[in-house]
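Structure record follows, encoded as structure tokens.
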Amino acid sequence: MPKKPSSTSTIADVARECGVGSMTVSRVVNGGKLVSPRTATRVRAAIRKLGYEPNEAARILKGQSSRTIGLIVPDLADTFFSLCAHAVQQMAAKHGYTTLLLASERDPHSEAKELTMIKSRNIAGILIVPSNPDCVGQLQKLRARGIPVVMLDRTFPGLDAGEVTVENVEGAQKAVNHLIEHGHTRILCAGYDSQFNSIGQRIEGYEKAMAEAGLRPQLVVVDEGTAVGPKVLQKIRSPKPPTALFSLNNVTTIQVLQTFQKDNIRIPEDIALVGFDDFELAPLLAVPLTAVRQPAAQLGQSATRILLDWIQGSPSETRSLHAHVVLPTELIIRRSCGCESIKRIRNDRNEDISTQRQDPNISSSLAL
């Protein structure tokens, strides 16, 4: 009589169900490569049928390696970080790993507590979008225990860790150069979180583009995202207001858009806008947003791949896994910059790639 699904099913139950040894089931569960595809399929089917769940505590007691990785991000309400986290979880699950997902809420104390909690667990490796340089000390202690660490999106020096970032300088230069090509000479750069090298690099790209064009940089950089809107509004109401704005991330862009809506400031008639970070609703805005798109999913996938390779590799192989991976960005041209058609400008190409058809998002927004 077939066994009914049960949360108390054991590895022996699975072995009996599909007619193999317990060692074979263990190899399939732990991602081993010494089982034929046909047998592995039978074992997985038996696992699903019986509802067998490998016990992590039992795995640890038997001296087996952990199948859990930790992921700390600043804010899951931020679309960029939620996309990264989703990609990490998918990639980890594909390789038989569970992801312990934590959000620091951009708070150094919360981040410290989360790292302490991770340190007390049997974690195979850690992925982190760091929120404070003080985390480096805790991460160094984890590295001393042999736990791999990979930083993504932003990094801090002084740590033997993998790094996955994007072309922040080049992406910012593309965005600002595009505004300069529109004839703008007073271009304001606005944002917050300048203590992170990702934002610092975007400011560097903005300043490079302005300097190459012989233009004077104008910066509004504050401590909190909510303070950006009022500061930008002050600049717009000055005797020589900016005619274009480059926003340093999507939170800044949203804050600015809300401010502009309240004060009836028209885009792009009163001020052109290009943001760093594209987001899902950007093409659906009344005036579709021109933005630098980061490969959020690829960022999460690349970081997870590096971490898993590091976890599963031999000590002699890990040296090559600490390379700094830099992913390209893409300028998605819509209408907030003053353009009427959609173009894509890739950082790894010199020419623009223009679409020949009218974007349906533009048509629908004009009909609103």
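The values are calculated or read from the model by the stated rules, or taken from the named source; none is laboratory data. Just so it is clear, the model here is predicted, and its values are computed rather than measured. Here the Cβ positions follow ideal geometry from the backbone for every residue, glycine too, while neighbour counts run over all protein chains shown. Side chains included, ligands, DNA and RNA excluded: accessible areas come from the protein's heavy atoms. Shrake-Rupley method; radii C 1.70, N 1.55, O 1.52, S 1.80 Å.
If only the Cβ of Lys and Arg carry +1 and only the Cβ of Asp and Glu carry -1, the dipole of region 72-179 around its Cα centre is close to 460 debye.
Convex hull volume of the C-alpha atoms in region 109-223, normalised per residue: 102 Å³.
In this structure the amide hydrogen of residue 98, modeled in the peptide plane, comes within under 5 Å of the amide hydrogens of 68, 69, none closer than 5 places in sequence on its chain.
Please compute the net charge surrounding residue 219, taking Lys and Arg as +1 and Asp and Glu as -1 over other residues with Cβ under 12 Å from its Cβ. Net of charged neighbours comes to +2.
What region 168-230 shows is 42 Å² of accessible area per residue, with the surface traced by a 1.4 Å probe over protein heavy atoms.
Taken about its Cα centre, region 76-122 carries a charge dipole of about 240 debye when Lys and Arg each add +1 at the Cβ and Asp and Glu each add -1 at the Cβ. Surface analysis of region 73-115 yields an accessible area of 48 Å² per residue, using protein heavy atoms and a 1.4 Å probe.
The apolar share of the surface of region 244-287, taken as the fraction of accessible area on carbon and sulfur atoms (1.4 Å probe, ligands and nucleic acids excluded), comes to 50 percent. Gyration tensor analysis over the Cα atoms of region 187-301 returns equivalent ellipsoid semi-axes of 21, 18, 14 Å (largest first, whole Å). Identify, among 192, 218, 151, the residue whose Cα sits farthest towards the positive end of the charge dipole of region 151-222, taking +1 on the Cβ of Lys and Arg and -1 on the Cβ of Asp and Glu, with the dipole about the Cα centre. Farthest towards the positive pole: 218. Per-residue SASA remark: residue 86, around 100 Å² accessible (1.4 Å probe; ligands, DNA and RNA not included).
Against the criterion of solvent-accessible heavy-atom surface with a 1.4 angstrom probe, 106, 154 sort, most first, into 106, 154. Its alpha carbons considered, region 265-308 gives a radius of gyration followed by a Dmax of 15.1, 49 Å.
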